[in-house]
Amino acid sequence: MHPLVLEAETMIRARDVTAVAFSGGVILQDFGIRDPAHWAGGTIKLGEMIREEVFNKEGNLKEKYVLAGNNLVKNINSKIQPALLSSLILRCAAINVVSGQ
């Protein structure tokens, strides 16, 4: 795991479920879900769903998000900041929650 992905993982872990819900919910609105929290049954429920999607049972990023993070770091010309990387990972997880992946 790239060190920036590790930093992003730490940042995600430090967010409460409400912050996770807001980070992931933004992209869901772009995909046509007007009120992602309502869709999920509440803000806390949305945050829990995204958190369950992004972390495995051991509490680490699932391999697909490690790979995605590593690829983003590798393929973006300018150095990506961990805060942006953590938001992108949460948005990917939110999309996977909605699509049932």
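The values are calculated or read from the model by the stated rules, or taken from the named source; none is laboratory data. Values in this document were obtained by computation on a predicted structure and should not be read as measured data. Positions of Cβ are backbone-derived with ideal geometry, glycine not excepted, and every protein chain shown enters the neighbour counts. Ligands, DNA and RNA are stripped out before the accessible areas are found, and what is left, the full protein with its side chains, is counted by its heavy atoms. Shrake-Rupley method; radii C 1.70, N 1.55, O 1.52, S 1.80 Å.
Within straight cross-link reach of Lys57, meaning Cα distance under 19 Å, which lysines are found once same-chain residues fewer than 8 apart are removed? Straight-distance partners of Lys57: Lys45. Computed with every protein chain present, the accessible area of Lys62 is close to 60 Å² [probe 1.4 Å]. Residues Phe31, Phe55, sorted by accessible area with the largest first, give Phe31, Phe55 [1.4 Å probe; ligands and nucleic acids excluded]. Can you give me the % of accessible surface on the chain that is carbon or sulfur? Probe 1.4 Å, all protein chains present, nothing else counted. The nonpolar share, carbon plus sulfur, comes to 55 percent. These residues, Ile76, Ile44, go from largest to smallest accessible area, 1.4 Å probe, as Ile44, Ile76. Taking every alpha-carbon pair within the chain, the share separated by more than 20 Å comes to 32 percent. Ignoring lysines fewer than eight residues from Lys79 along the same chain, the ones with Cα atoms less than 30 angstrom from its Cα are Lys62, Lys64.
Where in the stretch 20-63 are there GluC sites (Glu not before Pro) that are in a DSSP coil and have at most 10 other Cβ atoms within 10 angstrom of their Cβ? Qualifying residues, ordered by number: Glu58. Per residue, the accessible area of the chain comes to 58 Å², computed with a 1.4 Å probe over protein heavy atoms only.
Computed with every protein chain present, the accessible area of Thr18 is close to 50 Å² [probe 1.4 Å].
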